[in-house]
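This report refers to the structure that appears directly beneath it.
The values are calculated or read from the model by the stated rules, or taken from the named source; none is laboratory data. Since the model is a prediction, treat every value here as computed from it, not as a measurement. Here Cβ is always computed from backbone atoms with ideal geometry, including for glycine, and neighbour counts include all displayed protein chains. Heads up: the accessible areas ignore ligands, DNA and RNA and are worked out on the full protein's heavy atoms, side chains in. Shrake-Rupley method; radii C 1.70, N 1.55, O 1.52, S 1.80 Å.
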Amino acid sequence: MYLCTQKDKSMRKYILADNQELTRFALENLIRQKGENDILRTTDKAGLVQLLKEHENAVVLLDYTLFDFADEDQLLIVAERFSLSEWILISDELTPQFLRRVVYSSHQFSIVFKDGPLSEIHEALNAVNRHTRYLSQRVLETIIIQQQEEETPSILTTTEMEIVKAIAQGKTTKEIAAERFSSIHTVTTHRKNIFRKLGINTAHEAVKYALRAGLIDPSEFYI
């Protein structure tokens, strides 16, 4: 196991691998707020690899979706090559398949979404300083939902049935999330899965399908 001494920590570099200037500026300020000033920047994979050759234990803050990695295999190969490095992936959108592959393949990666709360970036930065990783709640929920989907690909899950009922009662996504103590994103993901499974596009169609299939009691709903 790699142990970071105080001297090592003071020499540790932060590599900003993000092609959005505004995002780089914001991340740089967050890092400086934590008393870290050794910040480097790169705009492509070749430059990133070169910087990692010079600073093998660097922390890489990467927007995977905007960078020039061809796929997650390339990303994982680079991370494995520089095994002392730690990564914080910060992107607008990452597929469930990508998240599962990266999370299960390597403990070097912390993951947050750009549209998440600022506190998650702080948590991720704190985690890498402790040589642990941070996965945002949305990341964890996305992986769990994907797992459930793979286990029951052709039928609605119990959770999805409950959400169909709530939709039929005219409840909004926000209201459903509050009742279930879930995030709005989680409920939205469930809705997308329901629509995909049923081959429909609207909430009205979802309720009609559920009624025809006998999944819900017609006396409870108004269509």
Separation of the Glu175 and Arg212 label points, Cα + 7 Å toward Cβ, nm: 2.6
Taking N as its residue count, the alpha carbon Rg of the chain over 2.2 N^0.38 Å: 1.24
Where labels lie 7 Å past Cα in the beta-carbon direction, separation of Lys114 and Ala203 in nm: 2.9
For region 38-121: relative contact order, % (alpha-carbon pairs under 8 angstrom, 6 or more apart): 28
Net dipole in debye of the chain [+1 Lys, Arg Cβ; -1 Asp, Glu Cβ; about Cα centre; nearest 20]: 260
Nonlocal amide H pairs with Ile88, under 5 Å, H built at 1.01 Å: Val60, Leu61, Leu62, Ser110
Relative contact order (percent, whole number), region 100-197, Cα cutoff 8 Å, 6+ residue spacing: 24
Prolate/oblate/rounded label for region 169-211 (Cα gyration tensor, a/c 1.5): oblate
Rough spin-label spacing in nm, given labels placed 7 Å along Cα→Cβ, for Ala127 and Asn29: 2.4
The chain: relative contact order in percent, alpha carbon pairs under 8 Å with at least 6 residues between: 13
For the chain, accessible area per residue (1.4 Å probe, heavy atoms of protein chains only), Å²: 54
GNM top mover of Ile77, Ile111, Ile88 - the chain, alpha-carbon springs below 10 Å: Ile77
Extreme residue, positive dipole direction of the chain, given options Leu125, Thr23, Leu84 (C-beta unit charges): Leu125
For the chain, built as a Gaussian network whose Cα springs stay under 10 Å, the top-fluctuating residue of Glu86, Glu162, Glu56: Glu162
Total formal charge among the other residues, if their Cβ is under 10 angstrom from that of Gln108, Lys/Arg +1 and Asp/Glu -1: -1
For region 78-144: rounded, prolate or oblate by the Cα gyration tensor [a/c cutoff 1.5]: oblate
Positive-pole candidate from Leu140, Thr159, Ser182, dipole of the chain, charges at beta carbon: Ser182
Sum of -39500 (n - 2.57) over DSSP H runs of 4+, divided by residues of the chain (222 nm, nearest 500): -16000 deg cm²/dmol
Heavy-atom accessible area ranking, 1.4 Å probe, most first, across Tyr14, Tyr104, Tyr134, Tyr64: Tyr104, Tyr134, Tyr64, Tyr14
Span-like helix ranges in the chain, DSSP H, alpha carbon extent 24 angstrom or more, Kyte mean at least -0.5: none
